[in-house]
Amino acid sequence: MRDREIGVLTIDIERSREVENRNALQLKLKKTIETVNTEYGKHIISGFSITRGDEFQGALRDLELFYEIFSYFEHLLHPIKIKGGFGVGTLSTSVSKNISEMDGPAFHRSRDALESAEKSKNQIQIKSEREISDRIINVILDLISSIKERWTKRQREVTWHVSKEKITIVQAANDFSVTKQNISQILENSSYRSIRKAEDVLKTIMKEYQAIGVDNEK
């Protein structure tokens with residue numbers, strides 16, 4: 001028998017102890033979590049919540065959205081940097097709105113993936129029962145992170161606006177009060193189209209993960 005897999009995304013704030021205004025950080029984090037839970041509510045099994053310290057976690061119904069959601073957290077929390085671990089697997093417990101009451105292979109793999117990301121330069125890593133596919137996905141994630149790490153503030157603003165709003169270059173030029181040639185140049189220098197292609201590949205792979213399912217896990 002094959003079981004439906006879920007995804008668990010665990011995120012930790014980098015060097016959070018170095019933040020001077022801890023109260024402001026906590027308020028921003030709570031507001032960000034509320035925004036993501038609202039926008040992606042129908043794709044989430046158990047909403048994101050702070051689990052310990054500055055670490056937060058959520059369980060996803062739709063695996064293909066894991067990087068999109070992680071990127072959204074990156075955008076909303078910027079310039080605060082985050083690390084993420086995405087675990088794919090089944091549950092050993094019942095589904096609960098309180099994520100701390102849930103457990104299973106998906107959670108264990110999410111923790112392992114986060115620990116791997118924290119020991120590397122990767123912003124996020126994935127772990128499932130498919131080792132070879134995981135390696136491919138983690139290489140793609142590493143390449144995307146390397147490109148985004150070099151973005152200027154302007155590149156970050158424009159690429160996010162075009163991607164999130166799904167608008168044309170002409171519309172973006174109007175929104176930023178610049179020429180369409182200027183927007184095109186920013187997108188080209190940001191390797192925007194290459195990143196979008198890579199993100200589409202990630203979504204395709206994750207959809208296949210979910211469609212196949214897994215054997216009952218212990």
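The values are calculated or read from the model by the stated rules, or taken from the named source; none is laboratory data. Predicted, not measured: the structure shown is a model, and the values here were computed from it. All Cβ positions, glycine included, derive from the backbone under ideal geometry; neighbour counts span all protein chains shown. Surface accessibility is based on the protein's heavy atoms, side chains included, excluding ligands, DNA and RNA. Shrake-Rupley method; radii C 1.70, N 1.55, O 1.52, S 1.80 Å.
Scan [x] 12.5; [y] 18.4; [z] 16.2 for the value of mean projected area of the Cα convex hull in nm² calculated from this model and give just the label. Correct label, based on the coordinates given: [x]. For the range 100-218, the equivalent ellipsoid derived from the Cα gyration tensor has semi-axes of 35, 16, 13 Å, listed largest first.
Summarised as an ellipsoid, the range 26-136 has semi-axes of 20, 18, 13 Å, derived from the eigenvalues of the Cα gyration tensor scaled by 5 and square-rooted, with the largest first. Looking at the range 10-133 alone, DSSP beta bridges between its own residues are antiparallel in about 75 percent of cases.
Highest average first, the peptides 8-14, 167-173 ordered by how many other beta carbon atoms sit within 10 Å of their residues are 8-14, 167-173. Taking only complete DSSP H runs, can you tell me which helices of the chain stretch 24 Å or more along their own long axis by Cα positions and average at least -0.5 on the Kyte-Doolittle scale? Passing helices, by number: 131-149. Among the trypsin sites (Lys or Arg not before Pro) found in the range 84-152, those both in a DSSP coil and sparsely packed, with 16 or fewer other Cβ atoms within 10 Å of their Cβ, are Lys97, Lys119, Lys121, Arg150. Of the solvent-accessible surface of the chain, computed with a 1.4 Å probe and all protein chains present, 49% belongs to carbon and sulfur.
Residues with beta-carbon under 14 Å from that of Ser177, excluding Ser177: net charge, scoring Lys, Arg +1 and Asp, Glu -1? Computed value for this residue: 0.
Per residue, the range 146-214 exposes an accessible area of 61 Å² to a 1.4 Å probe, with every protein chain left in place.
Shown are Glu34, Glu157, Glu64, whose ranking by accessible area with a 1.4 Å probe and every protein chain present, most to least, is Glu34, Glu157, Glu64.
Taking all protein chains into account, the per residue accessible area for the range 1-118 stands at 47 Å² (1.4 Å probe). Each Lys or Arg adds one and each Asp or Glu subtracts one; over the other residues with Cβ under 13 Å from the Cβ of Gln125, this totals 0.
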